[in-house]
Amino acid sequence: MSQTTLPTRAGALAETSAPARRLRDHGRATPWLFLAPYLLLFTGFVIIPVVLGLWMSLHQWDYTLPLKPFVGLDNYIDLFTPGSTTSGIFWQAMQATAIFTVSSVPFLLVIPLLVALLMNAKFPGRNFFRAVYFAPYVLGVAVVAVLWRYLLDNNIGLVNYYLGLLGLPDDTAWLTSTPAAWVALVGVTVWWTLGFNAIIYLAALQDIPVELYEAARMDGAGRWQQFLNVTLPGLRPILTFVTINTLIASANMFGQSYLMTQGGPGRETRTAIYQIAETGLRNFQMGDAAAMSYILTLFLIGLSVVVFWLFRERRGARK
Amino acid sequence: MTTVRPAPAGATATSPTPVDAVPKRRSLSPGQRVRGILRMIALIAIALVFISPLVFMLVTSFKTRADATSVPPSWIPEEWTLQAYQTILGSASTPVFTWFLNSVTAAVANSVLVVITASLAAYPLARMQFRGKNLVFGAIIATLLVPPVILVIPNYLIVSELGWLNSLIAVIVPTAAGAFGVFLMRQFFLSIPVELEEASRLDGANRFRTFVSVVLPLAKPALATLGLLALLTNWNDFLWPVYVLFSPDVQTLPAGLSTLQSANAVRYDLLMAGAVIASAPVILLFIALQRFIVEGVSQSGIKG
């Protein structure tokens, strides 16, 4: 156990005390004193909010009005009653979130993997390329959205200009018509966040033992077979993480819509988070907004469970 | 209210050692050479897609108002000018310099708070045996799975009850409650050999002394990574500041940038200057400390 080169006195003493004992020689309060500052934050801004949110969702909680009567599950029932004041806008926003998630996640899973595979070899300037692909991710959504609003401007934007040079339609209203707005939102998001997943993939690729590739090659496996039989199985644990992380990030999309399309052309690109924020923090119908956020959360948890299950299934059914 | 993106399980603290997927052979065959060249072309093409929008942003910020909206768009300004910067920095309705200072204050304060509270909390979770440890650690880990959206509405109410609305403290304190930092630091502390602490303890130092004088210095790389990630996240946070900060003089840059956009919908020279001001610090930080940032991110995916 103690193979370190400690001063002899300490080394000798350390050997005489049992390992279990030496972990315990602190006062009963010591660990709690260390934990106290964080636990204060954690309780105040995570534990209490989770409970308080549930509580609010059971009340007619209008921030600006003095009375907040208990209404039981009414806020939830309203959300599921077609024609109520909240159900239409909420489900339209949920649909927008679904459209965005379904159309962005495949790109955010596959393209970064291709980029990572491309980078997973020694070549000059590898660190430079890695940095370049990751760079947009360190920018905030505010910068990214403002920049791309400019580049996607119908009349003066670079994107339409270059499309024109290529002989393609050069007057697409990228931000004020659907489905073009979806293409823009997904494209910008892929550009912005691709590097994040690519870096995670790359780290995982580099952890796959070289011997596995060598063994596969001995068995006469080609590049594609090596990818299927060595790379993909090696990535499986990380794929679960990347998939869930990307799904949740996409389902939480807010800034791109808020700044690039203002939820438009009408309300088509107004996502669930956008709607929750507007209902709760702009119109101060916080009971309704809290109910919405609990439903969205249930969806996200369900989705994560499905992803875990899918990846577990495939492990057994592997070819 | 986004916190640093959590890592659900066992992030290792050691840096990945680059290993070639395909080990080099003694000499390159023609096929390999062609493949190498094709790879380089692909890499450069992708790099251009990533870099050119940022270059265009920078270039436009030095254009005149007319030049910024000219058709066809040009990559080189007709006349290099600082007009856009002077306009936004001098305007009372869009106090960009104040926003900049607010963002710096908030990001630095949040980062310091995260590093201190997370490393303090992580230490007993990594090194001490006590009643309730599993409960506390379990609760912290469980919240990594809670989507931040359910915290937004109730936290707004809490912040408002505390009298923090429209004040920078609202964007400094609540986001420091995230579990990622505790998790990252705990994993790192576990990787430090216990023997190193023993010497100090036997010299009579108490737990806190040992923590400060032995453990923290050893944890510098992890502290730097965590601090940087917190700094970047806070600097770029958007949803939360947009709704909790509403007076022009308390806003942070991202929230301010959205004001700038709605006030100057077609003044792209001004918007690009604002975007450059908001992105320059993080880009410079990224260039200088790339290793820590990229390592932190690759650790946020579960390794192994």
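Please treat every number below as a calculation from the coordinates, not as lab data. All of these numbers come straight from a predicted model, not from anything done at the bench. Because the Cβ atoms are built from the backbone with ideal geometry, glycine has one as well, and the counts that use them run over all protein chains shown.
For A:His59, the amide hydrogen comes within under 5 Å of the amide hydrogens of A:Val71, counting only partners 5 or more places away or on other chains and with H modelled in the peptide plane. A full extension of the chain between A:Leu65 and A:Gln92 corresponds to an added length of 7.0 nm, given 0.36 nm per residue minus the alpha carbon distance.
Projected onto their three principal axes, the Cα atoms of chain B cover extents of 71, 70, 36 Å, largest first. Annotation for A:Thr176 and A:Leu33: the two label points, set 7 Å from Cα along the Cα-Cβ direction, are 6.5 nm apart.
Each of B:Gly31, B:Thr69, B:Phe246 was placed along the dipole of chain B (beta-carbon charges, centred on the mean Cα), and the one lying farthest toward the positive end is B:Gly31.
Within the stretch B:226-277, the chymotrypsin sites (Phe, Trp or Tyr not before Pro) that combine a DSSP coil assignment with at most 15 other C-beta atoms in a 10 angstrom radius are B:Phe246. Specify the residue with the greatest mean-square fluctuation among B:Arg186, B:Arg33, B:Arg131, computed from a Gaussian network of chain B linking alpha-carbon atoms under 10 Å apart. Most flexible of the set in this elastic network: B:Arg33.
Counting only the Cα atoms, the stretch A:47-188 fills a convex hull of 216 Å³ per residue. Which of rounded, prolate or oblate describes chain A when judged by the alpha-carbon gyration tensor and an a/c cut-off of 1.5? Oblate. Rg and Dmax of the stretch A:25-118, both derived from C-alpha coordinates alone, stand at 22.2, 65 Å. Model label points for A:Leu168 and B:Leu145, set 7 angstrom from Cα along the Cα-to-Cβ axis, are 4.2 nm apart. In the protein assembly as shown, a dipole from Cβ-located charges (positive for Lys and Arg, negative for Asp and Glu) runs towards its positive end, and of B:Gln129, B:Leu157, A:Trp55 it is B:Gln129 whose Cα lies farthest in that direction. Summary of the geometry: the stretch A:212-274 and the stretch B:221-255, compared by the centres of their Cα atoms, lie 26 Å apart.
For the protein assembly as shown, taking Cα atoms only, Rg and Dmax work out to 26.0, 82 Å respectively. Helices assigned as whole DSSP H runs in chain A whose Cα atoms extend at least 24 Å along their own long axis and whose mean Kyte-Doolittle hydropathy is 1.6 or higher are found at A:87-119, A:180-205. Each Lys and Arg adds +1 at its Cβ and each Asp and Glu adds -1 at its Cβ; summed about the Cα centre, chain A shows a dipole of about 1160 debye. Here the Kirkwood formula puts the hydrodynamic radius of the stretch B:168-266 at 16.5 Å, using every distinct Cα pair. Taking a span of 20 Å or more along the helix axis (Cα atoms) and a mean Kyte-Doolittle hydropathy of at least -1.0 as the rule, the DSSP H helices of chain B that qualify are B:30-60, B:96-127, B:220-236, B:268-300.
Dividing the convex hull volume of the alpha carbon atoms of the stretch A:207-319 by its residue count gives 145 Å³ per residue. Comparing A:Arg149, A:Arg28, A:Arg267 in a Gaussian network model of chain A where C-alpha atoms under 10 Å apart are linked, the largest mean-square fluctuation is found at A:Arg28. Taking Cβ atoms as reference points and 15 Å as the exclusive limit, the residues near B:Ala121 contribute a net charge of +4, counting Lys and Arg as +1 and Asp and Glu as -1. Placing R0 at 41 angstrom, the Cβ-Cβ distance between A:Ser84 and B:Phe246 gives a FRET efficiency of 0.85 after rounding to 0.05. Placing a label point 7 Å from the Cα of A:Ile301 along the Cα-to-Cβ direction, the residues of the stretch B:131-169 whose backbone N falls under 20 Å from that point are B:135-155. Distance between the modelled labels on B:Ile169 and B:Glu78, one decimal in nanometres: 5.2 nm (7 Å Cα→Cβ projection).
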